[in-house]
């Protein structure tokens, strides 16, 4: 071959011939032949000098360049093409964070099914925030991510995603146990627990029920989701309950789970007032509740009970924290003057609006009553069809409207309305109203944690940490992950959907923790208003392009990053060279 290319006359008459042939199963076979044109008996003929098919693509490209007399370049610019270009930066970041959090390791070691497909669904949930159908279509469009996670997409079906989702939920206890072994350093005694609901489209789900809808979606069935995190909001366990379960009915099960799955000797459970942790512990025997402590808050009715029993006094509430202990239970009291003023103004406004509307309703009742009285005077043998009193249906209508006003303006504690054929009486309890007003801005944190473990200030801080779980629910339920609405019907698939969302949130949480401090400084310095979503878009805009140069020689390349993309890569500790697909 080298003798041929060194001879100028040969080069002048030689060229490369590229052939493609379709074989069995539609497989394409390529061949490259070095050919020469020559004259024989006055006719131009062609002969094959050498078969070059087994040579590396780089050498074939170089030969093609030389034979085409391209000077000063190894590759002719006409031979450079961009085969495909795709968003890759965000996908790369998510996969890297997933590895660091040991999500890959957790699923691979604890799940017996197609672990790679589960991991791909987690990545797809973060990137698309969509349904399983949306994720499936995304996988089909973005095969490079699937290939990176070793998922074969050619024969992949939507039903495969649903099947693995159900199987994954059945292995949840095993997976969570492994997950908590890997993250034991994150949870040291203190566990935050809160509950939320998420609604359904349709009425066919096996877990769905009508209950207290926190999404404000009237007429929608729902499931209830309980989330356990560490004190910083990192997710440790998630569980799905029927949509009509009461918050406090889920506490004992979670305490048993923490003890058994987390192998925790001492538990400090932090929950809001709706959990009624104290009452749940009273239902457990002494051995069961050994080593369990809690931090929670009291409702207004519970605060009034303490005042009535003389355990606390209103005079103890102040801006500073005041603590009272009774039979091993600590009551930490404080007052917020600004909140007191705001609550008072809101209640006074609602009271005023309620009184205006209830008086209008009373006027309507009185107008009808006056007409009834007039009709009684007109009544005679010739005209006996006049309405002379309220029908039961009419009275029920007035009573219903009065009840709806009490609900709308939240005045049922202070007002009582009695409606009959002869009276429309509005009763107002000034004493109850003043009692409620006296507690505005005042709150009590209840705890059984010993003082030697936590002082007053630390107990308050741990209760305030509950906002980290609330933040988790916001991320799960809004445009960062969109856990709702749920479209699944099958119970196992529903649980699997929520379980996958927990891992997706763990990735988002880790990225938020790194990005938010930088984002705050950047916005202050540049007088901008970038959000987490803007940062995600910046990562998505890091494209991966596949270039074809010459004969079947391909190369993946990433364009130069802008300043924000460089900073994000640095903050997340991502290396550009690791992004390149080889």
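No lab work stands behind these numbers, since they all come straight from the coordinates. Note that this is a predicted model, so its numbers are computed, not measured. Note that we place each Cβ from the backbone using ideal geometry, even for glycine, and neighbour counts take in every protein chain shown.
At-a-glance table
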{"read-out": "Rounded FRET efficiency, nearest 0.05, which uses the C-beta distance separating residue 457 from residue 112 and R0 of 60 Å", "value": "0.80"}
{"read-out": "Relative frequency of Cα-Cα separations exceeding 17 Å in the range 424-549, percent", "value": "77"}
{"read-out": "Kirkwood Rh in Å, taken over the range 85-181 so that all alpha-carbon pairs contribute", "value": "13.7"}
{"read-out": "0 to 90° range, to nearest 10: angle between helix 491-526 axis and the chain longest Cα axis", "value": "80"}
{"read-out": "Interatomic Cα distance distribution for the range 339-438, bins of 10 angstrom, percent", "value": "14, 38, 24, 14, 7, 2, 0"}
{"read-out": "FRET efficiency estimate (nearest 0.05) - Cβ-Cβ, residue 355 to residue 421, R0 25 angstrom", "value": "0.55"}
{"read-out": "Whole-number percent relative contact order across the chain, with pairs defined as alpha carbons under 8 Å at least 6 apart", "value": "19"}
{"read-out": "Computed [θ] at 222 nm, deg cm²/dmol, the chain (DSSP H ≥ 4; -39,500 (n - 2.57); rounded to nearest 500)", "value": "-14500 deg cm²/dmol"}
{"read-out": "Inter-probe distance in nm under a simple model that places probes 7 Å from Cα toward Cβ, at residue 577 and residue 256", "value": "5.4"}
{"read-out": "Contour excess over end-to-end distance, with Cα ends at residue 534 and residue 39 and 0.36 nm allotted per residue", "value": "171.5 nm"}
{"read-out": "Spacing of the two label points (7 Å from each Cα toward its C-beta) at residue 342 and residue 478, in nm", "value": "1.6"}
{"read-out": "Order of 303, 295, 558 under a 10 Å beta carbon neighbour criterion, fewest first", "value": "558, 303, 295"}
{"read-out": "Net length gained if the chain between residue 186 and residue 59 were fully extended (0.36 nm per residue, minus Cα distance)", "value": "40.2 nm"}
{"read-out": "Ascending count of other beta-carbon atoms within 10 Å, so fewest first, for 156, 161", "value": "156, 161"}
{"read-out": "Segments 235-244, 545-554 sorted - mean Cβ within 10 Å per residue, highest first", "value": "235-244, 545-554"}
{"read-out": "Debye equation applied to the C-alpha atoms of the chain, log10 I(q)/I(0) at 0.06, 0.07, 0.11, 0.12 Å⁻¹", "value": "-0.53, -0.65, -1.15, -1.26"}
{"read-out": "Zone residues, the range 150-188, relative to residue 140, backbone N less than 17 Å from point 7 Å out along Cα-to-Cβ", "value": "152-163"}
{"read-out": "Angle between the chain longest axis and helix 300-309 axis [Cα atoms, degrees, rounded to 10]", "value": "40"}
{"read-out": "Gained length - residue 385 relative to residue 514, 0.36 nm times residue gap less alpha-carbon distance", "value": "38.6 nm"}
{"read-out": "Virtual spin-label span in nm between residue 46 and residue 566, 7 Å along Cα→Cβ", "value": "5.1"}
{"read-out": "Rounded tilt (10° steps) of 172-182 against the dominant C-alpha axis of the chain", "value": "80"}
{"read-out": "Computed FRET value (nearest 0.05) for residue 80 with residue 431, which takes r as the C-beta separation and R₀ as 60 Å", "value": "0.10"}
